[in-house]
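S.K.: The following block contains the structure, expressed as C-alpha cells.
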Amino acid sequence: LWKFPFAQVLFDADPLPYCKNHRQEKLTLSILRGMADSEGNQFVGYFSPFDEALEQRLADDKKEIGSYKEDFEYQHKLEREYNWSVQNKATKGYEQENYFMVLRGSTFYYNELETRVKLARRVKGSNTSTSNNTILSVTNRMLDSKELSQMQVVQQAEVEEAEEVGATTESSEEESSTSSDSSDKDEE
C-alpha cells in the first residue's frame, strides 16, 4: 500500500522563528537537504523559498497542484543547519509507536512511522564551506526518454506486485471462507 517509508522529523525549535509573511506556505515549501562541510561533517540544511520562488509556486498550484513553470529557478535560502540523530525499530530501547492517517476518497488508511529523526540546531556557517549566503536552486524539467522508460518499467513492476498481493489476499480469503464453511458442516 505504501510505496515509500515515512519518518517523523522533530525540530528542536521553530525553523523559521522570524518569518511573519506567508509563514505557513514557506514552512510547507521548505526543503531539507543532506549536506557536508569541507571537513566531511554531515548535517541537514533547512532551505526556505525566496519570495519570488514562493509567489511562483503559489501561482503554479493555482493552475494545478504540483505543476511548475518550465525552466524557472525556484531559489531557496539556507535558513538553518542541523545535526541529526536517527532512531528506528532497530535502535536499542526504541519503543515508540506512532501512526499517521490519510483520507483517500471515503476511506482512511494508516501507516506506522517506523523512524524518528531528531534535528538539533548547529551554528550556521560554523565551517567555511557553508555561509549565510548558501542558495539552493531547483529547476523542474520534463523527463528525458531514458528516464521516462525507466519510470515506466518501475511502475509496471509495482502494478504487477500489487496484482500479485491482491491475488494472494483474495485466495487466502477464499481459503478462509471455504475452511469456515467446511467447519460449519462438520459441526452439523
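The values are calculated or read from the model by the stated rules, or taken from the named source; none is laboratory data. The model shown is predicted, which means the values in this text are computed figures rather than measured ones. We place every Cβ from the backbone using ideal geometry, glycine too, and count neighbours over all the protein chains shown.
S.K.: If we keep just the residues of the range 135-158 that are of a type in the set (D, E, K, R) and touching a residue at least 24 places away in the same chain (Cβ under 8 Å), which is surrounded by the most Cβ atoms within 10 Å (Cβ to Cβ)?
M.R.: The initial filter retains those residues of the range 135-158 that are of a type in the set (D, E, K, R), namely 141, 144, 146-147, 158.
From what's left, touching a residue at least 24 places away in the same chain (Cβ under 8 Å): 141, 158.
Working: ARG141: 9, GLU158: 11.
My answer is GLU158.
S.K.: Is it fair to say GLN75 is surrounded by 11 or more Cβ atoms within 10 Å (Cβ to Cβ), on the phi < 0 side of the Ramachandran plot and assigned to a strand (DSSP E or B)?
M.R.: Yes: the conditions hold for GLN75.
S.K.: May I ask you to list the residues in the range 1-40 that are at pLDDT 90 or above, within 17 Å of LYS118 (Cβ to Cβ) and not in a strand (DSSP E or B)?
M.R.: Listed by number, the residues that qualify are ASP12, ALA13, ASP14, PRO15.
S.K.: So which residues in the range 20-53 are of a type in the set (A, V, I, L, M, F, W, C) and either touching a helix residue (DSSP H, G or I) at 6+ places or on another chain (Cβ under 6 Å) or within 22 Å of TRP84 (Cβ to Cβ) (or both), if there are any at all? Reasoning before the result, please.
M.R.: Here is the first cut: in the range 20-53, the residues of a type in the set (A, V, I, L, M, F, W, C) are 27, 29, 31-32, 35-36, 43-44, 47, 50, 53.
Those that are of a type in the set (A, V, I, L, M, F, W, C) and either touching a helix residue (DSSP H, G or I) at 6+ places or on another chain (Cβ under 6 Å) or within 22 Å of TRP84 (Cβ to Cβ) (or both): LEU27, LEU29, ILE31, LEU32, MET35, ALA36, PHE43, VAL44, PHE47.
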